[in-house]
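Visitor: I am attaching a structure below and will ask some questions about it afterwards.
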Amino acid sequence: MVRLQIRDWVQRLQEFPADFGAGILAFVSVVGKADGMTQEQCPHRNNVQSTEKPQVYKVGIYGWRKRCLYFFVLLLMILIVVNLALTIWILKVMNFTIDGMGHLRITDRGLKLEGDSEFLQPLYAKEIQSRPGSPLFLQSSKNVSVNILNEKKQLVSQLITGSRGVHARGKMLEVKSNTGKLLFSADDHEVVVGAERLRVMGAEGAVFSSSVETPHVRAEPFKELRLESPTRSLYMEAPKGVKIEADAGDFQATCRSDLRLESKDGEITLDAKKIKLLRLPEGKASLSGSRQTVFEVCVCPNGKLFLSQAGTGSTCQISNNVCL
């Protein structure tokens with residue numbers, strides 16, 4: 001009965017005029033009539049409500065929904081505890097502190113690494129130095145390269161140390177002592193050795209493909225000095241003279257063909273207590289047939305030396321058949 005009345009009210013509301021005030025008055029009149037009609041048609045309603053017990057409606061989640069909610073809350077708590085434990089473990093293992101992480105420390109001057117460090121990618125740094133009193137090791141399974149670039153990102157100097165050796169590339173190479181004295185220098189024009197002594201320890205000595213210019217060549221004490229050209233010529237030139245001395249030994253010059261001593265504007269002096277000229281050819285013997293052991297040294301017009309038996313006078317003219 002109540003549903004029918006509500007439908008009747010809805011139909012009447014749809015027939016309300018457009019005026020808002022008139023619509024409200026019509027709605028109040030309809031409600032009043034409906035209320036009077038309800039009380040007249042249902043006189044026993046109050047009695048029924050007084051005899052019935054009040055109904056209690058439970059508000060909340062019950063049954064399997066409640067159990068699922070508790071399960072998800074418990075699972076969330078377990079995940080939170082595990083996450084917190086893992087975070088604490090990572091902080092402990094990685095040694096996170098206020099100053100840095102693990103062997104890495106952040107200081108006012110930059111980064112400080114303690115122990116061995118491995119870099120998988122290129123390292124860009126302004127300065128790399130070890131701790132005071134400790135060495136600095138650079139180790140790589142292939143090679144260690146040091147590149148110097150200019151403002152245009154062009155390579156100007158390079159140092160590569162690898163399994164095949166050490167390769168250096170640059171405009172100039174200098175090696176200096178602790179006092180700043182130049183020991184070695186090399187560029188495109190010349191190589192300078194600034195040390196007081198250059199020592200070559202190889203068994204074959206030093207090999208020069210071109211000329212060598214030096215003011216002094218000296219062997220080590222009690223060692224021999226050999227100047228040798230196995231397949232070519234050997235020239236020693238100086239504008240003011242060449243001096244060869246052997247203070248505590250012999251001087252020996254050996255050749256396969258000719259040994260030539262030439263002085264264009266001066267003289268050749270042989271100054272010694274004894275001068276030996278071995279294997280000089282002998283001239284024709286004297287007519288007397290007597291064999292003497294005293295000879296005189298004769299010189300041919302072409303400069304060739306030969307021996308002739310000495311006599312009361314010179315016998316070079318008699319024995320000049322060697323000059324032919």
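Visitor: Please report, as a whole percent, how much of the solvent-accessible surface of the stretch 61-114 comes from carbon and sulfur atoms (probe radius 1.4 Å). Mind dumping the intermediate values first?
Guide: Working: 3760 of 5150 Å².
Carbon and sulfur: 73 percent of the exposed surface of the stretch 61-114.
Visitor: Would you mind checking which residues have amide H under 5 Å from Phe295's amide H? H placed 1.01 Å from N; only 5 or more apart, or other chain.
Guide: Under 5 Å from the amide H of Phe295 lie the amide H atoms of Ala310, each far enough along the sequence or on another chain.
Visitor: Can you return the aspartates and glutamates within cross-link range of Lys181? Criterion is Cα-Cα under 17 Å, with same-chain partners fewer than 8 residues away left out.
Guide: Partners found: Glu196.
Visitor: For the pair Phe208/Met101, report the inter-label distance in nm, with labels modelled 7 Å from Cα in the Cβ direction.
Guide: The modelled label-to-label distance comes out at 6.1 nm.
Visitor: Let me ask something else. Taking Lys240 as the anchor, which aspartates and glutamates have their alpha carbon closer than 19 Å to its alpha carbon, excluding any fewer than eight residues away along the same chain?
Guide: Candidates past the 8-residue exclusion: Glu213, Glu262, Asp265, Glu267.
Visitor: Rg and Dmax in Å for the stretch 115-196, alpha carbons only: what are they?
Guide: When restricted to the Cα atoms of the stretch 115-196, Rg and Dmax are 16.0, 45 Å.
Visitor: Okay, moving on. How much length is gained on full extension from Thr231 to Leu91, taking 0.36 nm per residue of separation minus their Cα-Cα distance? Numbers along the way, then the final one.
Guide: Numbers: separation 140, 0.36 × 140 = 50.40 nm, distance 7.55 nm.
Taking 0.36 nm per residue and subtracting the Cα distance, the gain is 42.8 nm.
Visitor: Mind checking which aspartates and glutamates have their Cα closer than 17 Å to the Cα of Lys126? Skip sequence neighbours fewer than 8 apart in that chain.
Guide: Cα-Cα hits under 17 Å: Asp108, Glu151.
Visitor: Compute the relative contact order of the stretch 186-310 as a whole-number percentage, counting only Cα pairs closer than 8 Å that sit 6 or more residues apart in sequence.
Guide: 12 percent
Visitor: Are there trypsin sites (Lys or Arg not before Pro) in the stretch 57-155 that DSSP marks as loop and that have at most 12 other Cβ atoms within 10 Å, and which are they?
Guide: Details: sites: Lys58, Arg65, Lys66, Arg67, Lys92, Arg105, Arg109, Lys112, Lys126, Lys142, Lys152, Lys153; in loops: Lys58, Arg109, Lys126, Lys142, Lys152, Lys153.
Sites meeting the loop and neighbour criteria: Lys58, Arg109, Lys126, Lys142, Lys152, Lys153.
Visitor: I'd like the FRET efficiency for Val242 and Lys152, computed as 1/(1 + (r/R0)^6) with the beta carbon distance as r and R0 of 56 Å, rounded to 0.05.
Guide: Values: r = 52 Å, r/R0 = 0.93.
Computed FRET efficiency for Val242 and Lys152: 0.60.
Visitor: Please compute the length gained on full extension between Asp188 and Ile61, using 0.36 nm multiplied by the number of residues separating them and subtracting their Cα-Cα distance.
Guide: Values: separation 127, 0.36 × 127 = 45.72 nm, distance 9.19 nm.
Computed gain between Asp188 and Ile61 is 36.5 nm.
Visitor: Compute the length gained on full extension between Ile80 and Tyr124: take 0.36 nm times their separation in residues and subtract their Cα-Cα distance, giving the result in nm to one decimal.
Guide: Values: separation 44, 0.36 × 44 = 15.84 nm, distance 4.02 nm.
Using 0.36 nm per residue and subtracting the Cα-Cα distance, I get 11.8 nm.
Visitor: If Met94, Met201, Met172 are ordered by their accessible area, calculated over protein heavy atoms with a 1.4 Å probe, which sequence runs from highest to lowest?
Guide: Numbers: Met94 80, Met201 150, Met172 115 Å².
Result, largest first: Met201, Met172, Met94.
The values are calculated or read from the model by the stated rules, or taken from the named source; none is laboratory data. Keep in mind that this is a model prediction, so the values were computed, not measured. Because the Cβ atoms are built from the backbone with ideal geometry, glycine has one as well, and the counts that use them run over all protein chains shown. Note: accessible area is taken over every heavy atom of the protein model, side chains too, but ligands, DNA and RNA are not part of it. Shrake-Rupley method; radii C 1.70, N 1.55, O 1.52, S 1.80 Å.
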